[in-house]
1. Give the residues of region 64-89 that are surrounded by 13 or more Cβ atoms within 10 Å (Cβ to Cβ) and of a type in the set (S, T, N, Q), sorted by residue number.
2. Can you go through Glu92, Glu101 and tell me which one is open to solvent by 70 Å² or more (accessible area, probe 1.4 Å), charged (D, E, K, R) and either at pLDDT 95 or above or within 19 Å of His12 (Cα to Cα) (or both)?
3. Counting only residues that are under 11 Å from Val73 (Cα atoms) and either open to solvent by 60 Å² or more (accessible area, probe 1.4 Å) or at pLDDT below 90 (or both), how many does region 1-39 have?
Amino acid sequence: MTLAPEHPTTGHEVGVRFNPDGAPLAIRYDGRIWMVDPDVHTAHWFTRDAWWETRTRATIGTGDLVSVEHWQVQATLPSANAELRTFTLRREPLATAWQLESIS
């Protein structure tokens, strides 16, 4: 069975729990907890925010205003026959909350 990608509402906030090494362990989405499969490869990368479009301004020493952090992980609901889904997460510069970019 092939699952078509879901495109959640832009900016849908999700809760993410991390292990001590900084890798995602679980994702709270749509009132349910999705467990990240530790045996499946995860991807972690950074992109740059288009600051010239958002015109984000900050005082000197505020921090990194351009690095957008991304994770792509495989996660499943904790039921016996649940399928793995691919979650792509994103955190904007200086944000504390993670946004769900896509599920497939």
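The values are calculated or read from the model by the stated rules, or taken from the named source; none is laboratory data. Given the structure is predicted, the values throughout are model-derived calculations rather than measurements. Glycine gets a Cβ as well: all are built from the backbone with ideal geometry, and neighbour counts include every protein chain shown. Keep in mind that these areas ignore ligands, DNA and RNA; they rest on the heavy atoms of the full protein, side chains included. Shrake-Rupley method; radii C 1.70, N 1.55, O 1.52, S 1.80 Å.
1. Hits for region 64-89 are Ser67, Gln72, Gln74, Thr76, Thr86, Thr88.
2. Glu101
3. 4
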